[in-house]
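S.K.: Dumping the structure here so I can ask a few things about it.
The values are calculated or read from the model by the stated rules, or taken from the named source; none is laboratory data. Worth saying up front: this structure is predicted, and the values here are computed from it rather than measured. Every residue, glycine among them, receives a Cβ derived from its backbone with ideal geometry; neighbour counts consider all protein chains shown. Note: areas computed on protein heavy atoms with side chains; ligands, DNA, RNA excluded. Shrake-Rupley method; radii C 1.70, N 1.55, O 1.52, S 1.80 Å.
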Amino acid sequence: MPNFTINGISVDVPPGTTILEAAKTAGIEIPHYCYHPKLSVAGNCRMCLVEVEKFPKLQISCNTIVTDGMVVKTDTEKVRQAVTGVLEFLLIHHPIDCPICDQAGECGLQIYYMKYGLHKSRYAVEDKVHKKKVQDIGGQIILDAERCILCSRCIRFLQEVTGTGELEFFQRGDHSEISIFPGRPLDNRYTGNLADICPVGALTSKDFRFKCRVWFLRGARSICPGCANGCNVEAHFKEEILYRLKPRQNDGVNKTWMCDPGRLEYKKANEARLLTPVNRENGIPKAAPWEAALSSVAFRLWETVEKHGPGSVAVIASPQFSNEELFLARKLADEVLRTPHLGFSSRTVGDGFADDFLIKADKNPNTRGAQLLGISEEKFDDIVRNVADGKIQALLVFGNGIADLSDAETGRLLANVPFVVQIATNEGAVSRAAHAILPSASFVERGGTFTNHAGRVQRFWMGFPPRGKARSAIEIITGLANRLGAGWKFGGEAQVFRAIAQSEAPFAGMSYESLGELGQTAGGKG
């Protein structure tokens, strides 16, 4: 294992490590633009110059391999002058539009100018080269060629990750720019990553454009609820509005990428929300206090079991809910309501598109979790048949829809049930037919765990408290169960997960706190 010295600090690194990567392990920042840990090395921005003992010239640290006994300095006057000169060169033709640029606040040019620049431009504004601005190049991306510093990250991403290669360099000298080929816009489902990896404001997101300044946003670690892959993400929000999802590194799941459909999942936390408990009386929905709503639902469920038996009640769970919520839903059905009719379906409305990279055909984040918790997918169709035949007197539905049934089909099906209860986040066909609605928190308003398609149990954190009068599903299910005499004492997702780890073999030995950033595998692969 090579040992080298950087700024007087002795560091051991694995063979083949570059100086830039080795510097990170020593807590030393080397400025860079073109380098990206998940892309090939280009070495064309020249920002990462360092001084290496016995080398006649400064070296780019992103492509210089550490050797045993190497001595590196990043803080000499020679290095500072070189980096400042490169930064001045990159800024020569850059437009002065920081006040309206979406990248402001997380722009590499701004950050490094304040650290290494602070120079007065020697180039007249009227002499700057002008290029095309605000170009819709397809996908989720707007291109501003004037802001581009030609780092080639975007080109390499489209060549090495998606394999679609829509962007390339055109022209020469100070007229060089990136662009699409004529008549060939961005045509893949991962275009949002271009805005993430662009170190300046050249490639920005159409969806996030001009919506919020990034310094107003706060972040929470979360899991994308868009499919069974379970990509690790950062959920960025201001007050109680979610503005965007950005990928969070987990090399075992999504590396540092995420798909375009997954990025738009944030909208479900904002739009068409169920925010107030509702009881429908004589066909008219009326808002109700939580205590009254829970008591009313519990009484109707108890009454149905007493009059018609446990077989007259059915529970349709949802793989959109967390392991903790599904565990309690199963306990409610099995131990409290004692119904044999508990099931779920992973089928969803949509095209079911999948690829061999990140996107899975299963558009639920927790199908594998429901399976490992013993909730049957085979029973779902039996429940639907019983409902259609009028054999179910009370139905508890988790989620915004029922499998892949259309709105019309859902409405006709639920018309056969005298009492329908919904626990969900968003409005839909079920909420329009339900006799009682208990609004649940969105994925960014609660914590918990999902189990992805490979059996990896991953934790997500609450960003902000539930909007309106919504509550976490754990609180809702516990409230119903206790009104039916269960006597549960679950105080949150951590306590529920500990109960899962103690009673469910696939989760045995797991600790909620130790799930941390990367998750743990449960129950083998799916």
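S.K.: Could you sort out which of Lys57/Lys131; Lys238/Lys268; Lys307/Lys469 sit more than 26 Å apart by Cα distance in this structure?
M.R.: Too far apart for the 26 Å limit: Lys57/Lys131; Lys307/Lys469.
S.K.: For every other residue with a beta carbon closer than 15 angstrom to the beta carbon of Gly183, add +1 if it is Lys or Arg and -1 if Asp or Glu, then tell me the sum.
M.R.: Cβ neighbours under 15 Å give a net charge of -3.
S.K.: Say the dipole of the chain comes from +1 at the beta carbon of Lys and Arg and -1 at that of Asp and Glu; which of Ile316, Val161, Phe216 then lies farthest toward its positive end?
M.R.: Phe216
S.K.: With a ≥ b ≥ c taken as the square roots of the eigenvalues of the C-alpha gyration tensor of region 300-444, please select rounded if a/c is under 1.5 and otherwise prolate if a/b is larger than b/c or oblate if it is not?
M.R.: Judged from the Cα gyration tensor, region 300-444 comes out prolate (a/c at least 1.5, a/b above b/c).
S.K.: Which length gain, in nm to one decimal place, applies between Glu517 and Glu160 when the Cα-Cα distance is subtracted from 0.36 nm times their residue separation?
M.R.: Taking Glu517 through Glu160 to full extension adds about 125.9 nm, to one decimal.
S.K.: While we're looking at this one, here's another question. Which residues does the label zone of Ile96 cover in region 136-162, counting backbone N under 19 Å from a point 7 Å along Cα→Cβ?
M.R.: 146-148
S.K.: Still on this model: Students often forget the sequence filter, so: which lysines lie under 21 Å Cα-Cα from Lys132 once same-chain residues fewer than 8 apart are removed?
M.R.: Cross-link targets: Lys206.
S.K.: Sticking with this one: Which lysines does Lys38 reach when only Cα atoms under 23 Å apart count, and residues fewer than 8 places away in its own chain are ignored?
M.R.: Cα-Cα hits under 23 Å: Lys24, Lys246, Lys255, Lys360.
S.K.: Report the extension gain between Lys206 and Lys133 in nm, rounded to one decimal, defined as 0.36 nm multiplied by the number of residues separating them, less their alpha carbon distance.
M.R.: Gain on extension, Lys206 to Lys133, equals 24.9 nm.
S.K.: Something else now. Loop only by DSSP, 14 or fewer other Cβ within 10 Å of the Cβ. Give me the trypsin sites (Lys or Arg not before Pro) in region 60-123 that pass, ordered by residue number.
M.R.: Within region 60-123, the qualifying trypsin sites (Lys or Arg not before Pro) (loop, at most 14 other Cβ atoms within 10 Å) are Lys120, Arg122.
S.K.: Mind listing which chymotrypsin sites (Phe, Trp or Tyr not before Pro) in region 392-467 are in a DSSP loop and have 16 or fewer other Cβ atoms within 10 Å?
M.R.: Counting only loop positions with at most 16 other Cβ atoms within 10 Å, the chymotrypsin sites (Phe, Trp or Tyr not before Pro) in region 392-467 are Trp461.
S.K.: What's the carbon and sulfur percent of the chain's accessible surface, probe 1.4 angstrom, rounded to a whole number?
M.R.: Carbon and sulfur: 52 percent of the exposed surface of the chain.
S.K.: Express as a percent, rounded to the nearest 5, the fraction of DSSP beta bridges in the chain (both residues included) that run antiparallel.
M.R.: 70
S.K.: Around Ser152, what is the net charge, scoring Lys/Arg as +1 and Asp/Glu as -1 over all other residues with Cβ under 13 Å from its Cβ?
M.R.: Net of charged neighbours comes to 0.
S.K.: Also: Modelled label-to-label distance, Ile9 and Phe89, 7 Å Cα→beta-carbon offset: nm?
M.R.: 2.8
S.K.: Additional query: In straight Cα distance, which aspartates and glutamates are under 14 Å from Lys363, not counting same-chain residues fewer than 8 positions off?
M.R.: Those aspartates and glutamates meeting the cut-off are Asp260, Glu265, Asp351, Asp355, Asp404.
S.K.: Same structure again: Determine, from the Cβ-Cβ distance of Ala354 and Glu409 and an R0 of 22 Å, the FRET efficiency 1/(1 + (r/R0)^6), rounded to the nearest 0.05.
M.R.: Calculated value: 0.35.
S.K.: State, to one decimal in nm, how far the label point of His175 lies from the label point of Asp389, with both points 7 Å from Cα in the Cβ direction.
M.R.: Simple spin-label model gives 7.7 nm for this pair.
S.K.: Also, quick follow-up: Among rounded, prolate and oblate, which fits region 170-276 when a ≥ b ≥ c are the square roots of the eigenvalues of its C-alpha gyration tensor, a/c under 1.5 means rounded, and a/b larger than b/c means prolate?
M.R.: The shape class here is prolate.
S.K.: Can you classify region 48-134 as rounded, prolate or oblate using the Cα gyration tensor, where a ≥ b ≥ c are the square roots of its eigenvalues, rounded means a/c under 1.5, and otherwise it's prolate if a/b beats b/c and oblate if not?
M.R.: Note, shape of region 48-134 comes out prolate.
S.K.: By how many nm would the segment from Asp251 to Glu303 lengthen if fully extended, with 0.36 nm per residue of separation less the alpha-carbon distance?
M.R.: Stretched out fully, the Asp251 to Glu303 stretch lengthens by 13.6 nm.
S.K.: Can you check what the net charge comes to around Pro2, using other residues whose Cβ is under 14 Å from the Cβ of Pro2 (Lys, Arg +1; Asp, Glu -1)?
M.R.: -3
S.K.: Further question: Could you report the chain's accessible area per residue, 1.4 Å probe, as an integer in Å²?
M.R.: Result: 43 Å² per residue.
S.K.: By average Cβ neighbour count within 10 Å, what is the ranking of 476-488, 312-324 from highest down?
M.R.: Descending packing order for the listed peptides: 312-324, 476-488.
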